[in-house]
Amino acid sequence: MTWRLFIFIFITNFGLVHAKDIVKPRYKIEAELDTSNSTVTVLTKIDIPKSLGLPKDTIWFHLWSNAYSNTNNAFTKEQLSFGSTNFYFTKESKLSKISDLIVKAGNQSLSYVFKDDGQEIIGVIIKNSSSYEGTISFEYKLKLPYLRDGLGYRKADYFLRNFYPKLAIYEENQ
């Protein structure tokens, strides 16, 4: 028993030492919940270190909450393939919606594109550089969906999971 404990402690400590070496973006998220309208006003600032080596012209993010914005997107097709029709037959008034989206680097507004009509994957267009370093901020209002996968509302309960943009792997970048 003592030997196993020693190995466990050694592996755990060894893993912790290397975990510090992993370079990650840092998120600062401010969210204000409006329960009367079932909305969240979001400001997300993402500090991206140069050592992350992000692409030269476009950085891709995943807007999970937009997966619940309509029932004619890749997310819905995936749900239907697994036999889940609850989301597909959800009323439009119970779907999510991002509005008033502003993307900035510092005080400068940035252009962006969506991968498709589902608007789940957003490409933020940055200046042409060898590797991006800096802070990108997303500001928007999110109408919460009726509870889906840990995001939304049900009766008097609110769940705020996957409401902010996350760096995405798209076309084998990032």
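So which trypsin sites (Lys or Arg not before Pro) in region 89-154 pass both tests, a DSSP loop state and at most 16 other Cβ atoms within 10 Å of the Cβ?
For trypsin sites (Lys or Arg not before Pro) across region 89-154 that sit outside H, G, I, E and B with at most 16 neighbouring Cβ atoms in 10 Å, the list reads 91, 115, 127.
Could you work out how much longer the chain between residue 102 and residue 133 gets when fully extended? Use 0.36 nm per residue separation minus the Cα distance between them, nm to one decimal.
9.2 nm
On a straight-distance basis, which lysines could pair with residue 45 in a cross-link, Cα separation under 24 angstrom, same-chain partners fewer than 8 positions away excluded?
Here the lysines satisfying the reach criterion relative to residue 45 are 20, 24, 28, 56, 97, 104, 115, 127, 141, 143, 166.
What nm distance separates the two modelled labels at residue 45 and residue 80, each placed 7 Å from Cα along Cα→Cβ?
4.3 nm
Each value in this text was obtained by applying a stated rule to the coordinates, not by laboratory testing. Note that the structure is predicted; figures quoted are calculated from it, not measured. Note: ideal-geometry Cβ built from the backbone for every residue, glycine included; neighbour counts use all protein chains shown.
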